[in-house]
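Let me begin by presenting the structure, written as structure tokens, before commenting on it.
The values are calculated or read from the model by the stated rules, or taken from the named source; none is laboratory data. Everything quoted here is computed from the prediction, not taken from an experiment. All Cβ positions, glycine included, derive from the backbone under ideal geometry; neighbour counts span all protein chains shown.
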Amino acid sequence: MFGTHSRAARSTSRVPRRLSPTALLALLTALLLALTACGGSDGDEEAAASSSSADGFPVTVTADNGEVTIDERPEAIVSMSPTATEMLYAIGAGDQVAAVDSNSDYPADVPTTDLASFTPNAEAIVGYDPDLVVLSDDINGIVGSLEALDVPVLLLGAAAELDDTYAQLELLGEATGHAEEAADTVAEVQDRIEAAVASVSSDVTGLSVYHELDPSLYTADSSTYIGSIYSLFGLENIADGAPDPSGGYPQLSAEFVVEQAPDIIVLADVQCCGESAETVAQRPAFDTVPAVTEQRIIEADDDVVSRWGPRVADFAELVAEVLQG
């Protein structure tokens, strides 16, 4: 047995030298095909990797709910924030928006639904099969509920200053694959606001302003996003002297407003509540207020002067127009 096994081993080692020319050619051909296939596989993998990095995904961004990784360019975004909706469309991501909440009404062609941003429901949102959800408030733990369903969520709360608006635009640009468009949008908004401020004479510095959020005289002081716009023009906000600051949004009395004698009144309760220059003038004692006597009452679009999105430039231009006389 042992001898037979040795002869077999030696015989096997000599087989290659006894291959016919035809068999040898076939063997060489097979080896070449195998090597080519391996090379092609490596090339395909490199091409795939190159394609993945070319579109910028996956990306990791930091929102109010922490770091969020988005594996692929989102194609079914649900926006539960009117401001976020405006931002998404401004940066060119509108085609990726599948649904928006019932309060999102700008631009005109947004896919408005009955989703309620004030009473959000995870199951209703997931019904739109989103690959990204954007919210401005974590009401009833909606962020955690969506994350538990493996839905990427970006929580982008209300801005406290203009820089927050710019940061959110840039973050959404990165998260949706529109970083360049977002940068362009930020630059455009900044340029328009700077031009609006520059168009106004320095003589307006020190004029006082009253910003009305609703007929019950809730307002916004200089510590808020709204108030920061007036500060750009050097205006004095009468709400800064409110007895109760209430986190930047105090409720004033009619007597207080009349006593402060604001030079400018901005009404952010026109659409919601029907307020106007005429209704303000009819209020008791308001006919003595400089803003009324000098006709410096701005009947604003409630949404434009309340949302912290790209239309803040419209807000600044509106103020500039009144200050120009």
* Structure fact -> Per the list (1) touching a residue at least 60 places away in the same chain (Cβ under 8 Å); (2) surrounded by fewer than 17 Cβ atoms within 10 Å (Cβ to Cβ), residue check on Glu212 breaks on (2)
* Please enumerate the residues belonging to segment 215-234 that are surrounded by 21 or more Cβ atoms within 10 Å (Cβ to Cβ), without any contact (Cβ under 8 Å) to a residue 40 or more places away in the chain and over 19 Å from Phe286 (Cβ atoms). => Ala220, Asp221, Gly227
* **Failed item, numbered, when Ala167 is tested on (1) assigned by TED's automatic domain parsing to the domain that holds Leu135; (2) more than 11 Å from the chain's Cα centre (by Cα)** => (2)
* Structure fact -> Every listed condition ((1) of a type in the set (A, V, I, L, M, F, W, C); (2) under 30 Å from Leu156 (Cβ atoms); (3) not in a loop (DSSP other than H, G, I, E, B)) holds for Ile265 save (2)
* Structure fact -> Checked segment 183-217 for anything farther than 30 Å from Glu255 by Cα, in contact with a helix residue (DSSP H, G or I) (Cβ under 7 Å, 6 or more places away or on another chain) and not β-branched (Val, Ile, Thr); matches are Ala183, Arg192, Ala196, Ser199
* Asked: Which of (1) exposed (fewer than 15 other Cβ atoms within 10 Å of the Cβ); (2) without any contact (Cβ under 8 Å) to a residue 24 or more places away in the chain is the odd one out, the single condition Thr288 does not satisfy?
  -> (2)
* Out of curiosity, is Val204 in contact (Cβ under 8 Å) with a residue 60 or more places away in the chain and β-branched (Val, Ile, Thr)? -> yes
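Specify the residue that is nearest to Ala76 (Cα to Cα); the eligible residues are those in segment 145-172 that are of a type in the set (Val, Ile, Thr) and crowded, with 20+ Cβ neighbours inside 10 Å.
Here the residue is Val153.
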* Complete set of residues in segment 291-302 that are in contact with a Ser or Thr (Cβ under 9 Å, 6 or more places away or on another chain) and either surrounded by fewer than 20 Cβ atoms within 10 Å (Cβ to Cβ) or in the same structural domain as Tyr89 (by TED's automatic domain parsing) (or both) -> Glu299
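Among the residues of segment 147-172, which ones are outside any helix (DSSP H, G or I) and in contact with a strand residue (DSSP E or B) (Cβ under 8 Å, 6 or more places away or on another chain)? It would help to see each step written out before you state the result.
At the first step, the residues of segment 147-172 found to be outside any helix (DSSP H, G or I) are 149-161.
Result: Val151, Pro152, Val153, Leu154, Leu155, Leu156.
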* To do: For Ala175, state whether it is part of a helix (DSSP H, G or I), surrounded by fewer than 20 Cβ atoms within 10 Å (Cβ to Cβ), assigned by TED's automatic domain parsing to the domain that holds Gly127 and among the hydrophobic types (A, V, I, L, M, F, W, C).
  => no
* Among residues belonging to segment 186-235 that are touching an Asp or Glu at 6+ places or on another chain (Cβ under 7 Å) and assigned to a helix (DSSP H, G or I), point out the one that is nearest to Glu259 (Cα to Cα). => Gly227
